[in-house]
1. How much net charge surrounds ARG206 when only the other residues with a Cβ under 9 Å from the Cβ of ARG206 are counted, with Lys and Arg +1 and Asp and Glu -1?
2. Summing -39500 (n - 2.57) over the DSSP H runs of n ≥ 4 in the chain and dividing by its residue number, what mean residue ellipticity at 222 nm do you reach, to the nearest 500 deg cm²/dmol?
3. Leaving out ligands, DNA and RNA, and with a 1.4 Å probe, what % of the accessible surface on the chain is carbon or sulfur?
4. If packing is taken as the average number of other Cβ atoms within 10 Å across a peptide's residues, how do 70-80, 271-281, 198-208 rank, most packed first?
5. Only bridges with both residues in the chain count here: give the DSSP antiparallel percent, nearest 5.
6. Return one whole number: the accessible area per residue of region 95-162 in Å², for a 1.4 Å probe.
7. Keeping every protein chain present and rolling a 1.4 Å probe, give me the accessible area per residue for region 225-268 in Å².
8. Work through the residues other than ALA193 whose Cβ is under 13 Å from its Cβ and net out their charges, Lys, Arg +1 and Asp, Glu -1.
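The values are calculated or read from the model by the stated rules, or taken from the named source; none is laboratory data. From a predicted model like this one, the values you see are computed outputs, not experimental measurements. Heads up, the Cβs are rebuilt from the backbone with ideal geometry, glycines too, and the neighbour counts pull from every protein chain shown. Heavy atoms of the whole protein, side chains included, go into the accessibility calculation; ligands, DNA and RNA do not. Shrake-Rupley method; radii C 1.70, N 1.55, O 1.52, S 1.80 Å.
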Amino acid sequence: MIPNKARKLRDELKAGRTVVAAGAHDGLSARLVEAAGFDAVWASSFEISTSHAVPDASIVTMSEYLEAARAMNYSVRIPIIADCDNGFGNSTNVSYMVRRYELEGIAAVCIEDKRFPKLNSFIGEGQALESVEEFCEKIKAGKGSQQTEEFLLIARTEALISGRGVDEALRRAEAYADAGADAVLVHSKARTADEVLAMLGKWDGRAPIVVVPTTYYESTVEELAAAGVQMVIYANHAIRAAVRAMSTTLAEVRERGTTASVESRIAPLGELFELQGMGDVGRISI
Ligand code: SPV
Ligand code: MG
């Protein structure tokens with residue numbers, strides 16, 4: 001039976017559990033996220049852009065993002081939360097986007113209030129945001145377009161990222177929840193969780209709060225959950241680990257003219273066959 005992943009995600013949030021997700025960019029990385037025991041996969045625009053070797057700057061198209069999310073969804077049983085930048089345009093684009101992602105079995109989409117073309121949140125200062133009204137129209141358009149009641153739309157505010165402060169983040173989060181968002185992602189690039197915790201201290205719980213502790217990495221899931229966070233996303237660690245491992249290995253092989261010194265450090269072929277699911281096709285003999 002095809003699992004209802006959106007229902008699963010929705011039920012976990014409703015039950016008050018803290019969902020822990022990790023970023024991925026393809027079927028393999030999604031499968032590794034699942035194997036490590038995460039509750040959900042974040043189909044990260046940063047990771048998918050990096051995997052195409054292009055900037056995370058609205059360069060990858062919706063079709064390419066969707067194709068990557070489909071590959072992830074096919075390879076795991078846990079829900080996919082698709083990072084959809086700012087919805088690829090206006091309310092009409094968001095409506096179309098929601099229909100396409102939902103049809104492919106993606107559990108949730110996340111749209112952010114930055115203006116198109118967006119830049120990754122860690123680039124520059126004071127990126128331009130859409131008005132609250134404009135962004136609420138997008139949320140309403142997205143929610144009005146979904147065909148099932150389970151599908152989730154997460155609204156992300158970049159108020160803290162763009163230096164507008166906790167009160168503006170709170171004002172936007174409240175408006176987005178009232179416009180129908182199923183959860184609100186409050187992003188921050190501060191070195192500590194202080195501004196996120198300040199915002200949470202004023203939050204009345206009208207929707208679950210999602211955070212991405214890339215820069216405040218000393219905060220644990222336990223601490224964030226105790227402050228009321230309902231979803232923690234480790235957005236980019238898989239691809240950062242992969243880049244370091246790939247470049248170190250390739251440099252060593254090129255320098256030494258043999259793979260002998262790296263063999264014990266890299267995954268054996270059998271492990272990759274397991275990840276492929278080759279066991280379903282034929283006997284693994286390596
Ligand atoms: C992503 O993973 O693409 C995100 C999170 O949007 S961040 O890179 O922190 O903006
Ligand atoms: Mg992104």
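1. In short, -3.
2. -13000 deg cm²/dmol
3. 55 percent
4. My ranking of the peptides, most packed first, is 70-80, 198-208, 271-281.
5. If I count the DSSP bridges inside the chain, around 5 percent turn out antiparallel.
6. 39 Å²
7. Solvent-accessible surface per residue comes out at 64 Å².
8. Neighbourhood net charge equals -3.
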